[in-house]
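See structure below.
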Amino acid sequence: MGTKDTDRETTGEHVCGDAACENLLRALKEHAASKGKGTPMLDHDVSLEDLEAALRAGAAGWVRDEAAVDLLIAHGAWLTRNDFRECVGHDAIPPGFPPETAWIDFATAINEEMPAPPNDYKILCLAAELAGDDTGVPIGALLADLDASETSLVLDAVAHALGLVNLAAPNQ
């Protein structure tokens, strides 16, 4: 008969036993579960600059979300698309004003199967994976055939998610 820790290890749960760590993991799970719940979707006329600022504000403090948002901003293919913007939740009050915070409903964005070049779709999936959403696509398939620029963006995002320095541009 296994102990509680042994049972947790076999199920893939965190096992350190530190109460503060357990509370942080619980908060992270709640944060991930709350993204995009019951919120209006973004108006198509929000400027790119306002959208970028709102997404960064919505991700602030959550390094995986920050990394995902920064990857999509740096890549540049998704944030200007109206079909993608329909997958962005926000807090704009009153309506018509730029949102202060926004977040991406990655599950919807991936499931919408928006037409895009294969590598653009891979970047979207990699951003979703960084943010904690399982796309069901193996990481090797997502990384295959990325060009040097895209690979650099992905390396920067992974480094950010891990709390490391910017690996692709060490002089910054």
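Just to be sure before I move on: is Lys29 at pLDDT below 80, over 28 Å from Ala116 (Cα atoms) and either out of contact with any Asp or Glu (no Cβ under 6 Å at 6 or more places or on another chain) or surrounded by fewer than 14 Cβ atoms within 10 Å (Cβ to Cβ) (or both) in the structure I sent?
Yes: the conditions hold for Lys29.
Residue by residue through region 135-148, note down the ones that are surrounded by 11 or more Cβ atoms within 10 Å (Cβ to Cβ) and under 16 Å from Thr108 (Cα atoms).
Thr135, Val137
So, Gly58, is that one crowded, with 16+ Cβ neighbours inside 10 Å and not in a helix (DSSP H, G or I) or not?
When the stated conditions are applied, Gly58 does not pass them.
Take region 65-85 and flag every residue that is surrounded by fewer than 17 Cβ atoms within 10 Å (Cβ to Cβ), touching a residue at least 24 places away in the same chain (Cβ under 8 Å) and out of contact with any Asp or Glu (no Cβ under 6 Å at 6 or more places or on another chain).
Ala74, Thr80, Arg81, Asn82, Asp83
Out of all the residues in region 108-164, which are of a type in the set (S, T, N, Q), in a helix (DSSP H, G or I) and within 20 Å of Ala59 (Cβ to Cβ)?
Within region 108-164, Thr108 is the sole residue that qualifies.
The values are calculated or read from the model by the stated rules, or taken from the named source; none is laboratory data. None of the values given here were measured: they were computed from a predicted structure. With ideal geometry, Cβ positions are generated from the backbone for all residues, glycine too; neighbour counts draw on all protein chains shown.
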